[in-house]
Structure formats: structure tokens, C-alpha cells
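Just so it is clear, none of the values below were taken in a lab; they were calculated from the coordinates. The structure presented is a predicted model; accordingly, all values stated were derived computationally and were not measured. When we count neighbours, we look across all protein chains shown, and the Cβ atoms used for this are built from the backbone with ideal geometry, even at glycine.
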Amino acid sequence: MVKAIGGFSEYQYPNLCRLEIDMDMPRSLPRSLLFMNLTTQTPMLVDLTLTCVEIQWTFWDTLSNHRNLRRLCLARLEIKANGAPGLWKTCMRLESLQMNNVLIEEGGHPKDMVFGKLRQLKFHANRTTDSPYLMDAMLRSPMLESLELQVDFDERFRGRTKDGSWVHLRRLYVNSYQEDVYPDFIARLMANGNWSMGDMVETFRLGWDAQAFKAIFGSNFDTLVELDLYWMRIGNTTVPEILCLCPRLEKLKAKYVLAHHVAERGPWVCQQLRELWIQFLFEAPGDDHDLKRLVFERLSTLVRLERLTLDYRVSSASSGVHNHCSLNCRLGCGLERLASLQEQTFLWFYTSEKVWGECWKNPDLGMEEVEWILEHWKKLRMIKGNLNKVRLLRAQLWGVFLSHGIAVVL
């Protein structure tokens with residue numbers, strides 16, 4: 001191994017465009033030898049990923065002279081303060097920068113550098129690696145189109161967003177347990193950049209309540225394209241409101257929706273939906289038959305839908321939902337109304353079984369439903385679920401799907 005690493009500099013790689021190096025191995029090996037002539041031996045390198053490496057600070061100066069590099073991903077490594085200037089000089093040429101648990105020593109700020117070519121920025125850090133350079137890099141990237149943050153900002157960052165303006169931002173991904181910093185942070189993002197949530201917004205947030213959610217999105221519902229609400233604590237009516245107010249929505253991931261809230265809202269306007277993750281719950285097994293058919297009618301309008309997931313194993317202990325029943329996906333209950341969903345390629349049905357120690361009642365699918373699916377959803381390629389609790393019948397249903405080239409997954 002040592003001989004192979006030491007011999008790296010003896011070879012030329014004139015056509016290498018993408019390189020990933022993961023040195024997550026015992027520290028006794030001479031990792032730094034691998035990088036001595038990296039940039040001079042790979043003149044066409046565009047995409048570089050370095051994970052768990054020990055690099056001499058002079059390497060960053062060498063990398064900064066690499067004129068073809070456009071994407072850099074760094075994970076689980078430390079950068080000395082004397083190597084930081086070379087790193088930031090490299091970033092001035094980049095279009096995409098990702099840092100996953102990267103620690104830069106104090107004094108390694110980008111100072112007056114501007115990253116005018118940077119379009120995508122992704123930071124993932126924990127409390128032990130948070131450093132001021134994160135905000136410095138963001139503030140000096142005015143052309144950002146995609147910003148992904150999985151960090152825990154402290155009080156030092158709360159007021160600094162007023163200095164930033166990201167008018168080209170089209171995608172936002174935020175993940176943190178903090179209750180109070182991020183709503184304010186995103187609100188400042190929108191206000192300072194005249195940002196109306198762009199063309200794609202994906203929020204992944206633990207702990208927001210309904211009030212904070214509405215304060216952030218407000219009247220910008222009509223610009224949302226992609227939205228992930230699975231980990232968010234939101235009001236029962238928020239998802240039905242989104243379905244009625246987001247004409248450009250293409251992907252929605254939610255937990256559950258109480259069916260009677262669907263009836264209380266108007267028709268869905270999200271006719272561009274291509275992927276929907278949702279679970280409709282009813283208050284009793286004999287719940288209003290018309291209410292079930294209304295839910296199917298709403299679903300039938302989503303004619304562009306390609307992936308439909310009607311299974312979210314929601315624990316009532318955490319959701320506050322007790323003894324509710326899932327949508328009954330059988331013929332005669334309204335399934336036949338979904339014949340309009342001709343673009344379906346993936347389907348996940350919820351079927352009878354005990355989940356989280358509770359019995360979620362929903363009649364099993366039969367051969368009639370399988371034959372109907374095969375007749376109306378010609379593009380279906382994968383179906384997920386037990387489909388029926390009776391082992392012999394379940395095997396027969398799976399066999400029919402498999403014979404038609406449709407994969408079956410538990």
C-alpha cells in the first residue's frame with residue numbers, strides 16, 4: 001500500500017476529470033504523499049472529493065493554480081490557518097463547494113475575497129466544527145443559486161445575514177434542531193434579497209410550529225416547487241392549504257392529513273405534482289363513504305403524478321393521532337377514480353398490519369385491484385407493500401405483478 005501511494009506522482013493522468021480520495025484508514029500511513037503532485041498530474045480535473053486526508057498547507061496553494069477545477073467536496077478534515085488562503089483562492093474559481101465537518105483554524109477567514117462564480121454551496125457541520133468562516137463564505141457568494149445548510153449557528157450569526165444578498169437563490173435546504181435561529185435567518189434571506197422563494201425550495205426542518213412556518217412562507221406559497229414537511233410540526237390544515245395554494249408544486253412530502261380537512265378546503269391547484277408522499281387518515285372504519293371518494297377525486301386530478309406514496313407509518317404517540325384508519329385503496333371505495341393517473345411508475349400502498357404497536361385498519365388488496373392496476377397504469381414499474389396479510393394470496397399477487405415486469409418491494 002505504501003509503495004502504491006508513494007508511486008502516485010510517477011504517473012500522468014491527462015484525461016482524468018473526476019477524482020475521489022477517501023483516506024479513512026489508520027493514521028500511520030503516509031497519506032500526504034498522495035497529494036504531492038495531484039494538480040500537475042491531472043490537468044483536466046474538474047471535480048475533486050477529499051475525505052479524511054492529512055494535507056500539507058502548501059497543497060492548497062498548488063490547488064489554487066488548477067484552472068479547470070469547478071467542483072470541490074471536502075469531508076472530515078482539518079485545514080490549518082496558513083493553508084486557508086490557498087483554499088479560499090481555489091474557491092474563487094469554483095462553481096460548487098461542499099464542506100462536511102471541515103474545521104478551519106482561527107485566522108482562516110476568506111477576508112476580502114469574493115466568490116463570484118460559486119453557484120452551489122453546501123455546509124454540514126456540528127457544534128464542534130462550527131466556525132465563523134461558514135458565514136464569511138456565504139456573505140461573499142452573491143451569485144448563489146443553491147444553498148444547503150446542516151449546521152447549528154450560534155448567536156454570532158443571528159444578525160449577520162443583513163449583510164448578505166442572494167437574489168439568484170433558487171434552492172434552499174435547511175436542517176437544524178434550533179428552534180429560534182432559522183426562521184429569523186430565512187426571513188432575513190428573503191427580505192434582503194427580494195427573494196420570493198425562487199423556483200425550487202426544499203425545507204427540511206425539525207421543530208417548526210405552524211406559526212413559524214407561515215411566517216417564513218407567507219404569501220410565497222404560489223412559487224413553491226418542492227417541499228419536504230416530513231419532520232416539521234405543522235398544523236393539521238397546513239398540508240391541505242398547500243395543496244390548494246401551490247400551482248407550481250412538483251414534489252410534496254408530508255406525514256398525514258386528516259381527511260375531513262381535505263373536505264373543508266377547495267379543489268387542489270397543484271396540477272404539476274409529479275411526486276406525492278402522504279397518508280390520508282379517517283377517524284373511524286365506517287367513516288363517511290363520500291369523504292373517501294372525495295379524497296380519491298382530489299387525487300384523480302393529479303394527472304402528471306409519477307410516484308405516489310400512500311404509506312407513512314405515523315406513530316400516534318408522536319403525532320397525537322389515535323386509532324385512525326388509512327385510506328381504503330380498493331375498488332368500490334374510489335380507487336377506480338384514479339384511472340387518470342396514467343404516468344404512474346412507482347406506487348406504495350398501505351395495508352393491514354400492526355405498526356408501532358397499534359393496529360391500523362385497512363382492508364387488504366385483492367386480485368380485482370391488481371388486475372385493475374395492470375389495466376390502467378401501464379407505466380408502473382415498482383410497487384411497495386405487503387398488499388395482503390394472507391401469505392398465500394400475497395404471494396399470488398406478487399407473482400402477477402412480477403410476471404408483468406413490475407418489481408415488488410416490502
Report the gain in length on full extension from Glu306 to Asn236: 0.36 nm times residue separation, minus Cα-Cα distance, nm rounded to one decimal. 22.6 nm
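Report the calculated FRET efficiency for Lys378 and Arg265 (r = Cβ-Cβ distance, R0 = 22 Å), to the nearest 0.05.
On the way: r = 32 Å, r/R0 = 1.44.
In this case the efficiency is close to 0.10.
Does region 238-278 come out rounded, prolate or oblate by the C-alpha gyration tensor, with a ≥ b ≥ c the root eigenvalues, rounded set by a/c under 1.5 and, if not, prolate when a/b is larger than b/c and oblate if not? Display every interim value, and only then the final one.
Numbers: a/c = 2.35, a/b = 1.27, b/c = 1.85.
Because a/c hits 1.5 or more and a/b fails to exceed b/c, region 238-278 counts as oblate.
What is the fewest-to-most order of Met99, Met23 by other Cβ atoms lying within 10 Å of their Cβ? Could you put the intermediate results ahead of the total?
Values: Met99 24, Met23 20.
Ordered from fewest to most neighbouring Cβ atoms within 10 Å, Met99, Met23 come out as Met23, Met99.
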For Arg76 and Gln150, extending 7 Å from Cα along the Cα-Cβ vector and measuring point to point gives, in nm, a value of 1.3
Using r as the Cβ-Cβ distance of Asp47 and Gln342, and R0 as 30 Å, what FRET efficiency do you calculate, to the nearest 0.05? 0.20
What does a probe at Trp57 reach in region 77-94, counting residues whose amide N is under 13 Å from the point 7 Å along Cα→Cβ? 79-87
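Go through Lys80/Lys251; Lys255/Lys378; Lys80/Lys117; Lys251/Lys292 and tell me which ones have a Cα-Cα distance over 31 Å in this structure.
Details: Lys80/Lys251 42 Å; Lys255/Lys378 28 Å; Lys80/Lys117 24 Å; Lys251/Lys292 23 Å.
In this structure, Lys80/Lys251 lie more than 31 Å apart at Cα.
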